[in-house]
Amino acid sequence: MASTPTLSIVSPVFEAEGVLPALLEQLHVVMARIGCPFEIILIDDGSSDGSWPYMQAQASKHAHIKAVRLSRNFGQHHAITAGLDIARGEWVVVMDCDLEDPPEAIASLWEAAMEGNCDMVLARRVQRRHAFYKQAGGRLFYRLLHWLSGRRYDPSIANFGIYHRKVVDTLRRMREPVRFFPAMVQWTGFKAKTLDIKHRQRPDGRHSTYDLRKLLRLAVDVMLAQSARPMWLVIQLGLGLAALAFLFSIITLVRYFLGYITVLGYASLIISIWFLAGVLLMCMGLLGLYIGKIFEGIQGRPLYVISETVNVQTHEHRNTTLGQ
């Protein structure tokens, strides 16, 4: 095994004790086909099952497997960041551990990358095996994200892909606390290819931990981190309300001088007050969310905390707070 791998495979792990053996077996099969020096980096994102003991045991047996345990659950995209900070390969594959994206597709991604003319190859899922409510929630998430951020995302493209070292180094310099890997990859602007792969069901029968509530929360976080468009929407709302108020005032004055209004309307006054108060509270809440994200950013806390590692040298994850 060469000291510096050509290909690094980064996979965040959460509550995946049942799929890790099949994941590693399939990764070894596909890497035997590719035939280049490689490393497998597994990031345990605060699992409470037997994922970490299994990762420890496998890393102790195989020098090319690196096991990293975070001190708590920081989130999938933070765990990916931890893996990218440690990866040393010229090319880096990022994939989930649940086997919904088939490891054998890495060979096709590698071949597409070796053809040149691109800096990354993104896997596009076809024939998705998620339940209907899961797919509907995903479509709603991306539509909301597009509307709030002003950027268009392909819902069939997630984390799975192969990325050149210059893409990885650029991603590592992005240390904002709100992490959404597909959006960060798109922001870099490097040349990308897409490759269709068949989506599979998770072999252990479990479902993703991303429910609709978490997806909506992620959409709001990404929107706040990626775009100021909501503030413009609030400005447009304010201008629209001002225009309607001015028009209503003109109509009211005309009706008053024509004698149609003899008693002031108590109900309309109360409705107007409650409506404007609700709009003001909404605007203040949105502004508060932006200020909260700014506060999180200026605290300068690390994106993740590593508690244990196997086969990872200290110098390989130094300065990870700065991504250097």
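Checking Ala22 against (1) small (Gly, Ala, Ser); (2) assigned to a helix (DSSP H, G or I); (3) more than 17 Å from Ile162 (Cβ to Cβ); (4) touching a strand residue (DSSP E or B) at 6+ places or on another chain (Cβ under 6 Å), which single condition isn't satisfied?
(4)
Identify, by number, the condition in (1) assigned to a helix (DSSP H, G or I); (2) over 20 Å from the mean Cα position of the chain (by Cα); (3) buried (at least 20 other Cβ atoms within 10 Å of the Cβ); (4) not hydroxyl-bearing (Ser, Thr, Tyr) that Leu84 doesn't meet.
Every listed condition holds for Leu84 apart from (2).
So in the range 88-100, with the set limited to residues that are open to solvent by less than 10 Å² (accessible area, probe 1.4 Å) and at pLDDT 95 or above, which one is farthest from His199 (Cα to Cα)?
Among those residues, the one meeting the criterion is Gly89.
Tell me, please, whether a residue that is closer than 22 Å to Pro177 by Cα, at pLDDT 75 or above and of a type in the set (S, T, N, Q) can be found in the range 288-309.
yes
Report whether or not Thr194 is farther than 26 Å from Phe74 by Cβ, polar (S, T, N, Q) and touching a residue at least 12 places away in the same chain (Cβ under 8 Å). Show your work before the answer.
Values: farther than 26 Å from Phe74 by Cβ: yes; polar (S, T, N, Q): yes; touching a residue at least 12 places away in the same chain (Cβ under 8 Å): yes.
Yes, satisfied.
Quick one: how many residues across the range 25-40 are open to solvent by less than 10 Å² (accessible area, probe 1.4 Å) and assigned to a strand (DSSP E or B)? Before the answer, list the steps.
At the first step, the residues of the range 25-40 found to be open to solvent by less than 10 Å² (accessible area, probe 1.4 Å) are 27, 30-31, 39-40.
Checking which are assigned to a strand (DSSP E or B) leaves us with 39-40.
Qualifying residue count, the range 25-40: 2.
When only residues in the range 249-268 that are among the hydrophobic types (A, V, I, L, M, F, W, C), modelled with pLDDT under 75 and surrounded by 10 or more Cβ atoms within 10 Å (Cβ to Cβ) count, which is farthest from Cys283 (Cα to Cα)?
Restricting to residues being among the hydrophobic types (A, V, I, L, M, F, W, C), modelled with pLDDT under 75 and surrounded by 10 or more Cβ atoms within 10 Å (Cβ to Cβ), the top hit is Ile261.
Failed condition for Ala243, given (1) farther than 30 Å from Met231 by Cβ; (2) at pLDDT 75 or above; (3) open to solvent by less than 90 Å² (accessible area, probe 1.4 Å); (4) not charged (D, E, K, R), with all others met?
The single condition Ala243 does not satisfy is (1).
So, of the residues in the range 10-23 that are touching a helix residue (DSSP H, G or I) at 6+ places or on another chain (Cβ under 6 Å) and open to solvent by less than 40 Å² (accessible area, probe 1.4 Å), which turns out to be farthest from Ile65 (Cα to Cα)?
Ranking the candidates gives Ala16 first.
Which of the numbered conditions does Pro103 fail, given that it passes all the others? Conditions: (1) over 27 Å from Glu308 (Cβ atoms); (2) open to solvent by less than 30 Å² (accessible area, probe 1.4 Å).
(1)
The values are calculated or read from the model by the stated rules, or taken from the named source; none is laboratory data. Everything numeric in this text was worked out from a predicted model, so none of it was measured. In this analysis, Cβ positions are derived from the backbone assuming ideal geometry, glycine residues included, and neighbour counts consider all displayed protein chains. Surface accessibility is based on the protein's heavy atoms, side chains included, excluding ligands, DNA and RNA. Shrake-Rupley method; radii C 1.70, N 1.55, O 1.52, S 1.80 Å.
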